[in-house]
Structures are given as C-alpha cells and as structure tokens.
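Trainee: This is the structure I want to talk about, given as structure tokens.
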Amino acid sequence: ILERLRADGWTEELKDPDALYMVCSHKLVLEAKALTERSWDNMEPTLTALMTNIRDGLLANKIRTAVTRRISLVRCLCEPILSSMPEIPVMPKPSLIPNLQPFLDIIKNTPYNQDLAEDDFAEALTTLPDICTSWRHQQEYDLKSKLSALGRDVDLALAVNAFTCDKCSRDPVLHYPYFASHSC
C-alpha cells in the first residue's frame, strides 16, 4: 500500500513519521489480506483523501512555523529601535509591529519555504518611526470617531476623557496618550 501511495506521488508526505503512522494505522491498511487491484481500487479514494488531509496539515504546520519565526525576528529587530525612541508620543508595542505594514506584507507575501533575515526587513526598519507615528494617528482618529459617535467631546487631552479597559483590571484609568499603547 505504501509503495502504491508513493507511486501516486505521496513520497514527501510519507517521510513524515506522524503521517506514516496515520496511514499505517488506518483500518483499510491494517486489514490482513492480500492487496489486489480490486481492493486497491476500493481503498484508493479513501487513502487519497487521507493523504490530501495529511498534506494540507503538514503545509499548515510549515506555514505556521514560518510565520512564527518571522514574527519573532521582526520583534527582535524592532525592540532596539523602539527602545531608542522617546516614549512620548506613545508607540505600538513590539508585539504589534509585525501586524503593521510593510512588515505584514513581507511576512505574508514571502514564500513560506524561504527563510527571512534582517536584510529582508532593512528597508521597513528604516521607516519604523514613521510607521509608529502613523499608527498613533490612526489610534487617535479611531478613538475620536468613537467619541464623536457617542456625542462626547473629542479633545483627547481633556482630563474628563479617561478610559477603562473592559478586558483587564491592571490599569483602572487610562488617560491620553497612554490609552493607545494599553496592551489589551
């Protein structure tokens, strides 16, 4: 059965020990009877579907691993730059940077079988201060829109504009401009 699967193009998938175990432990493979053309014809669609699921799972794992590595790399590359910038105006947390453009494009649009290095993010890193400024302006715009929709004064610097987080109780009251970098 394994030889037939390899002949059908599933060689790479069968190199994975977990995939091999899943195939070998399938009830059709465990049957103790001779493999005939007729029995193969009957089981081939089921095993092909199993191999397709295995391939999709392996690919999803490779993508997840590549994205996780890339996000970690961006965080490591951004932390020294962010720490050298003044704290005010408020900046995005390092964990948020990989979700911002152009970092997100690089992470998502580079083939997953290609490793990324510092050089791949060099140009994006040079624009990090501008990215942080744009992020802050977007946060302020979003909040002003929400306040305006509620009929509230949109001057964020007013002492009456204090915010609380519905998700945590770490910071009971958040004031401008610090609300924008609250971790929740």
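Trainee: Considering only residues that are surrounded by 12 or more Cβ atoms within 10 Å (Cβ to Cβ) and of a type outside the set (Asp, Glu), which ones fall in the range 109-126?
Mentor: Answer for the range 109-126, where residues must be surrounded by 12 or more Cβ atoms within 10 Å (Cβ to Cβ) and of a type outside the set (Asp, Glu): THR110, TYR112, LEU116, PHE121, ALA124, LEU125.
Trainee: Within the range 49-165, which helices (runs of 4 or more DSSP H) (wholly inside it) include 2 or more residues that are within 30 Å of THR11 (Cα to Cα)?
Mentor: On the way: elements: 103-109, 122-126, 128-149.
Passing ranges, in order: 103-109.
Trainee: Among the numbered conditions (1) modelled with pLDDT under 90; (2) surrounded by fewer than 15 Cβ atoms within 10 Å (Cβ to Cβ), tell me where THR65 comes up short.
Mentor: (1)
Trainee: For the range 81-99, state whether one or more residues are open to solvent by 50 Å² or more (accessible area, probe 1.4 Å), in contact (Cβ under 8 Å) with a residue 24 or more places away in the chain and charged (D, E, K, R).
Mentor: Within the range 81-99, one or more residues are open to solvent by 50 Å² or more (accessible area, probe 1.4 Å), in contact (Cβ under 8 Å) with a residue 24 or more places away in the chain and charged (D, E, K, R).
Trainee: Looking at (1) modelled with pLDDT under 95; (2) over 21 Å from GLU140 (Cβ atoms), can you tell me which one ILE88 breaks?
Mentor: (2)
The values are calculated or read from the model by the stated rules, or taken from the named source; none is laboratory data. Owing to the predicted nature of the structure, the values given are computational and were not obtained by experimental measurement. Heads up, the Cβs are rebuilt from the backbone with ideal geometry, glycines too, and the neighbour counts pull from every protein chain shown. For accessibility, only protein heavy atoms count, side chains too; no ligands or nucleic acids. Shrake-Rupley method; radii C 1.70, N 1.55, O 1.52, S 1.80 Å.
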